[in-house]
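Please read the structure below before turning to the comments.
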Amino acid sequence: MGAAPLLWIVLRRRHGLLLVLLLLVAGASGVAAQTVDVGVILDRTTWAGNMSWTSIELAREEFYADPRYARYRTRLKLHLRDTGPDALDAAAAGLDLLKNVGVQAIVGPQTSSQAKFLAELGNKSTVPIVSFSADCPSRFGHNPYFIRTAWNDSSQAEAIASLVQKYNWREVVPVFQDDDSNTRFIPDLVDALRQVDTRVSYRCKIRPAATEDDMRRAISNLRLNWTTVFVVRMSHMLALEFFRLAKDEGMMGQGFVWITAYGLTDIFDVVGSPALDVMQGVLGVEPHVQDTVELQNFRQRWRNKYQSENLGTSLSEPTVSGLYAYDTIWAIALAAAKVRYVNSDFGPSVANNGSTDFDGIDSSKAAEKLRDALLMVNFSGMSGQFQIEDMQLVSVNYRIINIVEQERRVVGFWTPGSGISGSLNKKVDLDSVIWPGANKTVPRGWLFPVNKTLKIGLPAKPGFNEFVRFEKGIAKGFCVDVFEAVVNELPYKVLHYYEEFGDGKGSSNGTYDNLVYKVFLQEYDAVVGDITILANRSLYVDFTLPYTESGVRMLVPVQDRRQKTAWTFLKPLTTDLWLGTVVFFVFTGFVVWCIEHRTNQEFRGPPASQIGSIFYFSFSTLVFAHRERIVNNLSRIVLVVWLFVVLIVQQSYTASLSSILTVEQLQPTVTTLEEVIRNGRNVGYLNDSFLPQLLRRLKIDESKMIPFDSPMEYNEALSSGRVAVIVDEIPYLKVFLKRYCHNYTMVGPTYKFDGFGYAFPRGSPLTPDISRGILKFASEERMAKLEEELYGDTPCPDKDDSQTSSSLTLHSFRGLFIITGASSMLALILHIVITLYNHRHDFSSDDGQSSWRRWLTILSKIFHEGDGPSNTPDKDETAMANVGSIIESPQSMPNHIIENLDLDTDTGSTLEGEGTPGREVSIQDAEPMTFAYMHSGSGRSRVASLSRSGSSIRRRQTSME
């Protein structure tokens with residue numbers, strides 16, 4: 001009977017509705033769950049395969065046991081294929097799972113070589129290949145169906161680079177297993193190190209099948225290298241053997257740094273004590289997983305399951321890779337639940353006979369939907385937040401561990417935003433790290449190679465052998481002495497020997513550029529000598545800091561300027577000072593004349609006489625021979641200041657003239673290269689140097705450039721006039737001047753170059769140590785003694801124009817001239833103001849003239865008439881002769897005269913007469929008689945008196961306020 005008639009019969013019976021509900025519930029519970037086939041490819045012969053399978057099974061069980069997901073209709077069905085380590089077996093297993101099982105996803109290719117083949121299968125079939133342990137080789141890094149549920153190796157490379165940068169290690173050597181697992185990690189590591197200015201000059205590759213002898217040879221090569229910072233990434237068993245041999249070779253001791261990348265850091269969980277014993281002081285980088293209560297409970301469940309299935313195992317908890325495996329199955333289960341219906345929709349397959357025909361694979365729309373859903377999954381798993389981005393799990397933080405005895409100590413963390421820190425939440429320093437050899441001091445990152453002796457090239461320099469030379473096979477000279485002094489102060493011993501870059505007969509085998517390039521070719525380990533630091537040379541080698549004075553100057557002959565001529569007396573002062581002095585002489589005389597003209601008859605008279613008075617008075621002050629009497633205080637102030645200036649100029653002139661006539665005055669024959677170019681003269685330079693390039697840049701014609709080899713040739717060429725100048729580096733010129741100090745000098749500008757330095761290979765760790773040693777040695781007395789031996793006890797001074805010229809310039813007396821000019825101008829202005837103020841009433845009268853003419857007339861009258869009678873001796877006699885008429889005719893006196901008559905008799909009687917302007921005063925005669933008259937104006941009185949006794953007349957004039 002069908003289901004419909006039966007349902008109809010039941011509905012017609014009593015309680016039919018209740019029975020219908022019971023049937024519906026029973027039918028719903030009986031609906032079969034939707035199966036999602038998932039293939040798993042592992043190598044169960046390895047601990048990683050067994051650990052991963054335990055995590056995968058536990059994840060499937062616990063997902064569907066979780067009440068949150070029990071209602072899902074989809075159920076994962078796992079199909080395990082134990083393929084071993086062979087990549088072809090893994091590929092065959094993948095074909096079988098796709099064609100014969102119709103899986104919608106494949107999980108777990110452990111190695112990159114296995115993942116390489118399976119990724120191609122996934123791309124053709126649109127089935128996602130999900131790996132939680134294989135690295136992502138560059139050849140299929142952008143495959144849209146290969147998904148890594150593990151962190152990106154590039155972020156790990158950045159964490160290692162940050163650690164290297166923190167300790168300022170300048171060079172790192174990667175030591176890695178030469179297989180597909182490192183085809184992307186090593187380039188990423190090199191790029192990250194380059195970003196922090198760290199070099200990778202050497203890479204140590206270890207074959208997966210390397211024997212003990214192979215690894216010993218690799219370790220010996222590492223010992224011959226300067227670098228002691230190594231980043232190691234290889235399989236666990238290979239790494240264990242490698243570190244055991246490294247310890248036997250003494251490379252796990254003091255001064256070495258070993259950093260293990262993630263993938264190898266799990267060795268301590270897997271191998272245990274054997275790895276801890278040979279890896280003391282090693283730093284490791286691994287993903288940071290938050291230790292939660294949920295994770296601790298999972299570890300206990302995982303341990304119980306794993307140890308029950310793998311008896312006698314030493315693995316007590318899952319590695320981070322095991323946590324990735326657990327989260328991967330959890331994520332696929334969530335994705336399948338979101339898709340809901342993911343039945344296999346492959347095309348008809350061939351008979352289930354284990355065929356691996358690649359061309360027979362069809363694509364699956366259901367698997368593609370599952371892949372899309374998997375990329376959208378986002379949840380909090382055992383390893384942290386599970387989120388796929390750029391086809392791999394988003395990486396977050398790394399932690400740095402340090403192996404100390406039997407403990408793995410967490411000493412710090414790396415985060416994408418903050419870099420290296422001792423804490424995840426704040427920026428603090430790392431905990432104390434115990435380095436190999438139980439050393440607490442941070443290694444400097446390099447050691448002098450064992451049993452290595454540096455081969456140092458030495459240039460042949462026959463001309464200037466004071467710097468470097470070979471005598472009976474022994475290197476000598478200033479450059480060698482400085483190098484030996486610095487090397488002997490290093491905290492380590494540097495074995496070295498010198499080899500001359502010459503033909504054995506005193507000549508060089510090539511240019512200095514050739515010698516420096518041999519360091520780049522590794523024919524020499526360094527070059528010591530007078531090697532100038534140049535930009536083109538620094539492209540091939542590294543230079544230390546310079547240990548000599550830097551720069552290039554000109555060497556020229558000098559001549560004595562003491563030629564006696566008729567005009568030698570003019571040389572003490574320059575032309576501008578002569579002209580300035582004459583101008584101030586005239587100006588000072590003019591100011592004094594203006595002030596004294598109204599009150600002093602000595603500065604009055606015809607125009608020609610007054611002009612002569614001005615020049616005579618001013619120039620007579622040069623020898624303090626002026627005889628004119630000064631009556632105005634303003635004039636006296638001007639004269640005092642001017643005489644002070646004259647005194648200083650006179651004394652300076654005398655001293656300069658004495659120097660010119662008695663002291664040797666050496667002057668360069670040439671001061672600038674422009675003068676040489678303009679005159680078409682020849683220029684000399686040191687042979688086998690960089691100077692021709694400099695001279696061409698300075699626009700010197702090549703036909704005018706002549707090379708020389710020695711100081712003697714310099715002297716001969718300059719003294720004979722063959723060349724006008726020698727252009728060379730300052731150290732060479734100083735050595736030359738040690739012999740020929742009095743005949744030559746250095747002149748002109750200094751062209752900047754970096755001086756002499758020692759050349760080492762690029763990235764050589766000796767370069768910074770030698771540079772620091774040079775800085776220290778240069779400040780010591782020993783360096784001064786070496787330079788004294790090289791250049792002489794008393795260095796020859798420069799004799800350029802600025803040092804040999806004894807002519808005084810106007811600039812030297814500018815302050816004095818400003819003072820005297822200002823005081824003279826101020827005195828003149830005050831005199832004009834006072835005079836105008838005293839005669840202010842004269843401007844108020846109106847005589848009918850125009851305003852400006854009247855003003856000119858008044859000013860002329862004030863300036864030329866003066867304030868009173870003459871005070872010169874010849875004029876006074878005339879004035880006294882007129883006194884009689886004044887006495888006889890008092891009424892004829894000017895209105896501005898006030899008379900005062902004092903008549904003394906023998907008996908002492910006195911008659912006095914007083915009057916005011918315009919008032920008559922009677923005069924009484926007596927014998928002897930005294931006559932006095934007084935002029936009052938502007939608050940100042942002048943009193944003149946005449947005394948007569950018989951025929952003798954005396955005159956006295958006084959002034960009073």
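The values are calculated or read from the model by the stated rules, or taken from the named source; none is laboratory data. Every value quoted in this text rests on a predicted model; they were computed, and no experiment measured them. For neighbour counting, all protein chains shown are included, and Cβ atoms are generated from backbone atoms with ideal geometry for every residue, glycine included.
What to note about this one:
- Of everything listed in (1) part of a helix (DSSP H, G or I); (2) exposed (fewer than 15 other Cβ atoms within 10 Å of the Cβ); (3) modelled with pLDDT of 85 or more, the single unmet condition for ASP359 is (3).
- Failed condition for ASN221, given (1) closer than 23 Å to GLY763 by Cβ; (2) buried (at least 16 other Cβ atoms within 10 Å of the Cβ): (2)
- Of the criteria (1) buried (at least 16 other Cβ atoms within 10 Å of the Cβ); (2) acidic (Asp, Glu); (3) assigned to a loop (DSSP other than H, G, I, E, B), which one ASP429 fails: (1)
- Verdict on GLU61 being buried (at least 17 other Cβ atoms within 10 Å of the Cβ), of a type in the set (D, E, K, R) and within 17 Å of ALA325 (Cβ to Cβ): no
- Long-range neighbours under 6 Å by Cβ, at least six apart or interchain, first residue over 19 Å from PHE467 (Cα atoms) and among the aliphatic types (A, V, I, L, M) within region 701-714, second assigned to a strand (DSSP E or B) and at pLDDT 90 or above: MET705/VAL683; ILE706/GLY684
- Of the strands (runs of 3 or more DSSP E) lying entirely inside region 470-547, those containing at least 1 residues that are among the β-branched types (Val, Ile, Thr) and within 31 Å of the chain's Cα centre (by Cα) span 541-543.
- Applying a threshold of 7 Å to beta carbon distances and a minimum spacing of six or more residues, or different chains, the list of pairs starting in region 425-446 at a residue that is closer than 19 Å to ARG408 by Cβ and ending at one that is among the basic types (Lys, Arg) and not in a strand (DSSP E or B) reads SER432/LYS440; ILE434/LYS440.
- Listed by position, the strands (runs of 3 or more DSSP E) inside region 685-790 whose residues that are surrounded by 18 or more Cβ atoms within 10 Å (Cβ to Cβ) number at least 2 are 725-729, 744-751, 759-761.
- Qualifying residue in region 77-97 (condition: free of Cβ contacts under 8 Å to residues at least 40 places away in the same chain and assigned to a loop (DSSP other than H, G, I, E, B)): yes
Let's see how each residue does on (1) touching a Lys or Arg at 6+ places or on another chain (Cβ under 9 Å); (2) not basic (Lys, Arg):
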{"site": "PRO443", "(1), (2)": "no, yes"}
{"site": "LYS452", "(1), (2)": "no, no"}
{"site": "PHE470", "(1), (2)": "yes, yes"}
{"site": "ILE474", "(1), (2)": "no, yes"}
{"site": "GLY477", "(1), (2)": "yes, yes"}
{"site": "GLU484", "(1), (2)": "no, yes"}
{"site": "ASN488", "(1), (2)": "no, yes"}
{"site": "TYR498", "(1), (2)": "yes, yes"}
{"site": "PHE501", "(1), (2)": "yes, yes"}
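- Tally, over region 394-424, of residues that are within 30 Å of ILE129 (Cα to Cα) and either in the same structural domain as ALA134 (by TED's automatic domain parsing) or assigned to a loop (DSSP other than H, G, I, E, B) (or both): 5
- Number of residues in region 187-211 that are hydrophobic (A, V, I, L, M, F, W, C) and without any contact (Cβ under 8 Å) to a residue 24 or more places away in the chain equals 2.
Condition check ((1) assigned to a loop (DSSP other than H, G, I, E, B); (2) in contact with a Ser or Thr (Cβ under 8 Å, 6 or more places away or on another chain); (3) among the polar types (S, T, N, Q); (4) surrounded by 24 or more Cβ atoms within 10 Å (Cβ to Cβ)) across all residues:
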| residue | (1), (2), (3), (4) |
| --- | --- |
| PRO109 | yes, yes, no, yes |
| GLY122 | no, no, no, yes |
| VAL127 | yes, yes, no, yes |
| ASP135 | yes, yes, no, no |
| PRO144 | yes, no, no, no |
| ARG148 | no, yes, no, yes |
| GLU158 | no, no, no, no |
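- The sole residue among VAL556, VAL527, VAL482 that is under 26 Å from LEU698 (Cβ atoms) and of a type outside the set (Lys, Arg) is VAL556.
- Residue match in region 123-133 (condition: without any contact (Cβ under 8 Å) to a residue 60 or more places away in the chain, out of contact with any Leu (no Cβ under 6 Å at 6 or more places or on another chain) and closer than 30 Å to LYS365 by Cβ): yes
- Residue match in region 212-223 (condition: in contact (Cβ under 8 Å) with a residue 40 or more places away in the chain, part of a helix (DSSP H, G or I), within 15 Å of ILE160 (Cβ to Cβ) and in contact with a strand residue (DSSP E or B) (Cβ under 9 Å, 6 or more places away or on another chain)): no
- Residue satisfying all of: in region 290-330; in contact with a strand residue (DSSP E or B) (Cβ under 6 Å, 6 or more places away or on another chain) and of a type in the set (Val, Ile, Thr); surrounded by the most Cβ atoms within 10 Å (Cβ to Cβ) among these: THR328
- Residues satisfying the stated conditions in region 281-292, i.e. over 40 Å from the mean Cα position of the chain (by Cα) and touching a residue at least 40 places away in the same chain (Cβ under 8 Å): VAL289, GLN290
- Flag if SER131 is in contact with a helix residue (DSSP H, G or I) (Cβ under 7 Å, 6 or more places away or on another chain) and farther than 21 Å from ASP266 by Cα: no
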